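Take a look at the structure below.
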Amino acid sequence: MKIAVAGTGYVGLITGVCLAEMGYDVVCSDIREDKVLLLQSGNAPIYEPGITSMLKRNLDAGRLLFTADPKIAYKDADIIFIAVGTPENPDGTANLDHVFEAAYSIGLNLDKDSIICTKSTVPVGTNERIKEIIHSVKPAHIEVHTASTPEFLREGNAIYDFFHGDRIVIGTESEYAVRTVEQLFLPLKIPIVNTDIRSAEMIKYASNAFLATKISFINEIAAICDKVGANIEEVAFGIGKDRRIGPQFLQAGIGYGGSCFPKDTKALVQIAGDVEHQFELLEAVIKVNSRQQAITVQKAKELFGSLEGLRVAVLGLAFKPDTDDIREAASLTILRGLLSKGASVIAYDPVAVPNARIIFENAIDYTTNIETAISGAELVIIATEWDHIKHQPLEKYVQLMKKPIIIDGRNCYSLREVSKHSITYYSIGRSSTQSKMAEWHHKPPILTREGRFDETFTSILPN
Ligand code: NAD
């Protein structure tokens, strides 16, 4: 089977490289020639653990090609994945220009019967439009099957997720498409969910909306914990033990960001609005998230009054650890807030500095060395829970800062550890009083079936 992938971003590149790793012949295309040239030379334009070695291995094996020429890309393709971006329009709707352009280009260049699968996150009804576009330009004798195959990978764990996903959704009316796409992924032994096209499109939005809801929910509980003197980590641990709830996405912090949740939640509100349904719950989720992203700068204002000239180190730029993606990251809201108040900012991130530099240019200082960031700072704000940050010894803040003040937006440090140092420390939803959970912050105990604590302490939250 020959596979083609349109788009070499976080989704398209992972899909193409991992399919090649499975042994398929894959051609990935992108309209950006600079990306194609970089990829042809074995370098990934994104940071994703494991991608470079897998990319090089499959280029060397001759199973993987990159091109900016759609004629080469779609020639002889049995299955074509559309994985181009669907960014947010100013009104919150999904911008489908790239998807429709890709569909048009695919239709024009098809030279055999093919299955077109859309991995891009698109509103309900879009795959029908994709089909129409392809049919309007394809050669008459060629048969086309379409399917919605939404993507669920997590940046930072994308390769693992490709090979060990929870499910593969195939939304199509075509028996042939289901059987062929099932066959493609069969070696992965991942459960297949076969639906109609519209349900598959909705599954993607509903999944992201639900996960975003969990995050905003726990952040609301954290806000109340702060006021009533409870500890959000004990609360999250306690409710997460309920299997109906589960422990994931219950980590309080400064909110979700990234290329998916912010735009997909807003797009779903719009999709609902288009059919005269006001999605009040999701509107509240979005509102809570905006509030969370703003709280560190508000706290800084409370503490210092004026931020004019204050030297602030922002630790973490990526929207989450193990990615260089800063789209809609909480760090952006923080940096904009600090700059608007006249602060002098230095930002640390192990991999995302080049992306931040495109936005902030010379308005802030950058470093990939955490101690350089902290040195001489009057305030540290932690925006991403990178391991490099979680493992930064607290005594370094005492040694390197003028007077150590930390606003920890990701609850990276245990209160017990912090209490051993003379640091002014604020975190999310954790009262400053010592608690059992604070002591166990990094290795919380697991309650066994017998109701005793297991001897092996395991983290409740994914790294
Ligand atoms: P991205 O912006 O990183 O990459 C998109 C790529 O498509 C770019 O390189 C762009 O140049 C290219 N492109 C645009 N038009 C093209 C065309 N006509 N032909 C070929 N290439 C073209 O986007 P992404 O983060 O990979 O996301 C892609 C889609 O997958 C989006 O709809 C997104 O919502 C969805 N998604 C993303 C993630 C994620 O974690 N990033 C996870 C699940 C789903």
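Only the coordinates and a few stated rules stand behind these numbers; no lab work does. Quantities reported herein were computed from a predicted structural model and do not represent experimental measurements. Heads up, the Cβs are rebuilt from the backbone with ideal geometry, glycines too, and the neighbour counts pull from every protein chain shown.
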Pick from region 97-143 the residues that are small (Gly, Ala, Ser) and in contact (Cβ under 8 Å) with a residue 60 or more places away in the chain: which of them is farthest from Pro70 (Cα to Cα)?
-> Gly125
All but one of (1) hydrophobic (A, V, I, L, M, F, W, C); (2) assigned to a loop (DSSP other than H, G, I, E, B); (3) touching a Leu at 6+ places or on another chain (Cβ under 8 Å) hold for Ile254; which doesn't?
-> (3)
For Asp349, which of the numbered conditions (1) touching an Asp or Glu at 6+ places or on another chain (Cβ under 9 Å); (2) surrounded by 22 or more Cβ atoms within 10 Å (Cβ to Cβ); (3) farther than 30 Å from Phe249 by Cα fails to hold?
-> (3)
Of the numbered conditions (1) closer than 26 Å to Gly92 by Cα; (2) surrounded by fewer than 22 Cβ atoms within 10 Å (Cβ to Cβ); (3) touching a strand residue (DSSP E or B) at 6+ places or on another chain (Cβ under 9 Å), Ile168 fails exactly one; give the number of that condition.
-> (1)
Identify the residue in region 226-272 that is polar (S, T, N, Q) and within 14 Å of the ligand (Cβ to nearest atom) and, among all such residues, is surrounded by the fewest Cβ atoms within 10 Å (Cβ to Cβ).
-> Ser259
Can you give me the number of residues within region 366-377 that are in contact with a helix residue (DSSP H, G or I) (Cβ under 9 Å, 6 or more places away or on another chain) and assigned to a loop (DSSP other than H, G, I, E, B)?
-> 4
Pick from region 44-103, criterion out of contact with any Phe, Trp or Tyr (no Cβ under 9 Å at 6 or more places or on another chain) and acidic (Asp, Glu), ranking: farthest from the ligand (Cβ to nearest atom) = Asp60
Identify all residues within region 260-284 that are touching a helix residue (DSSP H, G or I) at 6+ places or on another chain (Cβ under 7 Å) and within 15 Å of Ala330 (Cα to Cα); write none if there are none.
-> Cys260, Phe261
Pairs, please: C-beta under 9 Å, at least 6 apart or cross-chain, first residue on the phi > 0 side of the Ramachandran plot and without any contact (Cβ under 8 Å) to a residue 24 or more places away in the chain and in region 33-52, second part of a helix (DSSP H, G or I) and more than 10 Å from the ligand (Cβ to nearest atom)?
-> Gly42/Thr52; Gly42/Leu55; Gly42/Lys56; Gly42/Leu59; Gly42/Asp60
Residues of region 41-62 being surrounded by 19 or more Cβ atoms within 10 Å (Cβ to Cβ) and hydroxyl-bearing (Ser, Thr, Tyr), in sequence order, are Tyr47
